[in-house]
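Everything below concerns the one structure shown next.
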Amino acid sequence: RAKDSGRNAIQLFRSTMQEAASERLRLENDLRQALVRGEFELHYQPQVDARDNRIIGAEALLRWQHPNLGPQSPGSFIRVLEESGLVLDVGAWVLDEACRTGQRLLADGLVDADHFDLSVNISPRQFRQSDFVERVERSLASSGLPAHALTLEITEGIVIQNLDDTIGKMRRLKRLGVSFAMDDFGTGYSSLTYLKRLPVDALKIDQSFVRDSTLDPNDAEIIRAIVAMARSLDLEMVAEGVERPEQLAFLEQQGCHLYQGYLFSKPVPLAEFRALLTLSRQGEEAPCASSPGQA
Ligand code: C2E
Ligand code: MG
Ligand code: MG
Ligand code: MG
């Protein structure tokens with residue numbers, strides 16, 4: 001009996017494994033098709049300076065309009081993109097699309113290049129391509145987006161492979177005018193030595209610390225340490241995942257002023273992002289205009 005149930009368990013395990021494997025293959029094929037069929041799109045999440053509520057940038061975030069399942073967030077497919085290598089093609093598309101959009105926003109007068117940065121996530125595999133610098137240059141040249149309006153978000157995972165190669169590529173891109181932000185800061189290796197050597201411009205405080213910063217003294221302490229570190233290295237910092245006013249108040253008190261989170265806006269489709277920019281422009285240009293209600 002025990003033997004039987006053991007055998008059954010193994011069979012169950014095996015067929016579950018097989019299902020998982022074929023599920024994964026299906027997903028990989030669907031993703032390959034998605035690029036060809038134009039099912040990917042970018043959403044944009046504003047980054048805000050809380051001191052004057054100005055939109056200082058946006059992060060481009062990948063979305064997949066699945067024909068049957070509807071909109072999919074990267075959480076459900078980014079690993080398969082990475083592991084299959086598809087992230088190289090998709091990443092190239094993301095970079096091109098983001099640069100085109102950024103240039104369009106500039107051309108339409110919705111943002112100005114000196115006060116707006118478009119952030120694009122770069123996967124470690126993508127960054128390690130030998131011609132990565134040239135690829136970024138081409139995306140910039142073909143879109144016409146000024147390099148200083150582009151920020152590349154990298155993670156600490158990029159560093160572990162080859163520090164010298166990483167620094168070399170970053171320096172070349174920085175000479176063009178591109179900026180770098182260290183994403184999900186605090187969740188990876190976070191070695192001070194790395195951070196000191198890498199020419200990054202900004203740290204993004206990971207949302208896992210922000211989430212419980214007002215409840216968990218450890219997370220609050222981590223945020224204090226990150227802010228102190230950013231200050232001493234003269235780096236900008238952006239807090240991710242700010243959802244509640246208490247979190248904002250705590251971070252403001254620590255001296256962090258740049259935010260990206262649902263409290264300000266979720267990631268939104270381009271048309272909605274353009275509408276947000278239009279509203280925020282109007283607010284700047286006509287600060288004394290009477291409000292609609294006063295007519
Ligand atoms: P990330 O780069 O750290 O992006 C921030 C994530 O936090 C986004 O999730 C965003 O929607 C979410 N977020 C922002 N504010 C809040 C908040 O207040 N509350 C909560 N709960 N979440 C918030 P998303 O869009 O699902 O992306 C997840 C991750 O997928 C990204 O994390 C990034 O690592 C990756 N990713 C997204 N787009 C791309 C891409 O184009 N290329 C690459 N390589 N990776 C991407
Ligand atoms: Mg990011
Ligand atoms: Mg810039
Ligand atoms: Mg992040």
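The values are calculated or read from the model by the stated rules, or taken from the named source; none is laboratory data. These numbers were taken from a predicted model, which means no experiment stands behind them. Cβ coordinates were reconstructed from backbone atoms using ideal geometry, including for glycine residues, and neighbour counts include every protein chain displayed. Note: accessible area is taken over every heavy atom of the protein model, side chains too, but ligands, DNA and RNA are not part of it. Shrake-Rupley method; radii C 1.70, N 1.55, O 1.52, S 1.80 Å.
Data table
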| item | result |
| --- | --- |
| Karplus-derived HN-Hα couplings along the stretch 233-247 (A = 6.51, B = -1.76, C = 1.60, θ = phi - 60°), whole Hz, x at Gly and Pro | 9, 6, 9, 6, 9, 10, 8, 9, x, 6, 10, 10, x, 5, 5 |
| Helix axis angle, 163-176 relative to the chain longest principal axis, alpha carbon, degrees | 40 |
| Residue-averaged 222 nm ellipticity for the chain, from DSSP H runs of 4+ at -39500 (n - 2.57), nearest 500 | -16000 deg cm²/dmol |
| Average accessible surface area per residue within the stretch 11-141, 1.4 Å rolling probe, Å² | 52 |
| Accessible-area value, Ile205, 1.4 Å probe, nucleic acids and ligands omitted, Å² | 0 |
| Positive-end extreme of charge dipole, the stretch 82-216 - chosen from Leu105, Phe180, Ser130 (charges on Cβ) | Ser130 |
| Residue-level accessible surface for Arg172, protein heavy atoms, 1.4 Å, Å² | 90 |
| Candidates Pro67, Pro46, Pro269, ranked by Gaussian network fluctuation over the chain, Cα under 10 Å, top entry | Pro67 |
| Equivalent ellipsoid semi-axes - Cα gyration tensor, the stretch 1-61, angstrom | 48, 20, 4 |
| For the stretch 122-255, size of Cβ-based charge dipole, Lys and Arg +1, Asp and Glu -1, in debye | 700 |
| Calculated from backbone phi, Karplus (6.51, -1.76, 1.60) coupling profile of the stretch 29-44 in Hz, x at Gly/Pro | 5, 4, 5, 4, 5, 4, 5, 5, 7, x, 8, 7, 8, 10, 9, 10 |
| For the stretch 187-257, with +1 on Lys and Arg beta carbons and -1 on Asp and Glu, the positive-most of Val238, Val200, Val210 along the dipole | Val200 |
| Magnitude of the charge dipole, the stretch 1-160, Cβ model with Lys/Arg +1 and Asp/Glu -1, debye to 20 | 960 |
| Percent accessible area from carbon and sulfur atoms, the stretch 97-149, protein chains only, probe 1.4 Å | 46 |
| All-pairs Cα distance distribution in the stretch 143-200, expressed in whole percent, bin size 10 Å | 22, 54, 20, 3 |
| Computed over the chain, Kirkwood Rh from alpha-carbon pairs, angstrom | 21.0 |
| Order of exposure, largest accessible area first, which applies to Asp206, Asp89, Asp201 with probe 1.4 Å | Asp89, Asp201, Asp206 |
